[in-house]
Amino acid sequence: MDRQEGHEPAAARIDDPWYDALASGWGELDGTTAPVPVPQQQQTTGADESRSAADIYLEVQRSAAFQEVRSRYRRFVVPAAFAFLAWYVAYVVAATTAPDVMARQVFGAVNVAMLAGLGQFLSTFLLTWAYARHARLRRDRAALELRWAVFEQKREQDMSGGIAR
């Protein structure tokens, strides 16, 4: 960052372009979950100034806020992946073991296999929509706050160590 006349480098604020991504109104919590508390930044002392970026990331990874974001992710993804794979395997097994059932006419030239195949596409789109909605409502804000906390800690470390960016 270039130094401008009359401004100290420490006074300049480096903004994260993704931090305000939720400000457009699509990321509000739906009232079913509370916001995840973000770990507070620690004051740097003489011994703390030698912390590397890896140390900062490990500290955040061990934090309760990060663990909550990961837990929310797993609570959605594991059951959703299992259900989707079970539905897919059921379709394949039914197509190979019960061809008479799959060939049964539903209306016109449309049979059970065609409807189940279209159901595969529909379930893929529904699962994608559900994943995006879950991420937006229950993980994105907390993940962005964690990212901002890491960014601020690293920036403060760089500034205190004499490395202004």
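The conditions of being closer than 30 Å to ASP140 by Cα, among the hydrophobic types (A, V, I, L, M, F, W, C) and out of contact with any Phe, Trp or Tyr (no Cβ under 7 Å at 6 or more places or on another chain) are not met by VAL92.
Of the residues ARG141, ARG147, ARG155, ARG133, the single one that is part of a helix (DSSP H, G or I) and touching a Gly at 6+ places or on another chain (Cβ under 8 Å) is ARG141.
Listed by first and then second residue, the pairs linking a residue in the range 84-100 that is more than 26 Å from TYR131 (Cβ to Cβ) to a residue that is open to solvent by less than 60 Å² (accessible area, probe 1.4 Å) and part of a helix (DSSP H, G or I), with Cβ atoms under 6 Å apart and 6 or more places separating them unless they lie on different chains, are ALA95/MET102.
Looking across VAL106, VAL101, one residue alone is surrounded by fewer than 14 Cβ atoms within 10 Å (Cβ to Cβ) and not in a helix (DSSP H, G or I). It is VAL106. Among all residues of the range 68-91, there is none that is of a type in the set (Lys, Arg), farther than 30 Å from SER52 by Cβ and in contact with a strand residue (DSSP E or B) (Cβ under 9 Å, 6 or more places away or on another chain). Can you tell me which residues in the range 60-75 are part of a helix (DSSP H, G or I) and without any contact (Cβ under 8 Å) to a residue 60 or more places away in the chain? Within the range 60-75, GLN61, ALA64, GLN67, ARG70, SER71, ARG74, ARG75 meet the criteria. Quick check on the range 144-159. Is at least one of its residues more than 16 Å from the chain's Cα centre (by Cα) and without any contact (Cβ under 8 Å) to a residue 60 or more places away in the chain? So far as the range 144-159 goes, yes, one or more of its residues are more than 16 Å from the chain's Cα centre (by Cα) and without any contact (Cβ under 8 Å) to a residue 60 or more places away in the chain.
Would you check which residues across the range 109-130 are part of a strand (DSSP E or B) and either exposed (fewer than 12 other Cβ atoms within 10 Å of the Cβ) or hydroxyl-bearing (Ser, Thr, Tyr) (or both) and list them?
So in the range 109-130, the residues part of a strand (DSSP E or B) come out as 110-111.
Passing the criteria: only VAL110.
The values are calculated or read from the model by the stated rules, or taken from the named source; none is laboratory data. Please read these numbers as outputs of a predicted model, since none were measured by experiment. We place every Cβ from the backbone using ideal geometry, glycine too, and count neighbours over all the protein chains shown. Only protein heavy atoms, including side chains, enter the accessible area calculation; ligands, DNA and RNA are left aside. Shrake-Rupley method; radii C 1.70, N 1.55, O 1.52, S 1.80 Å.
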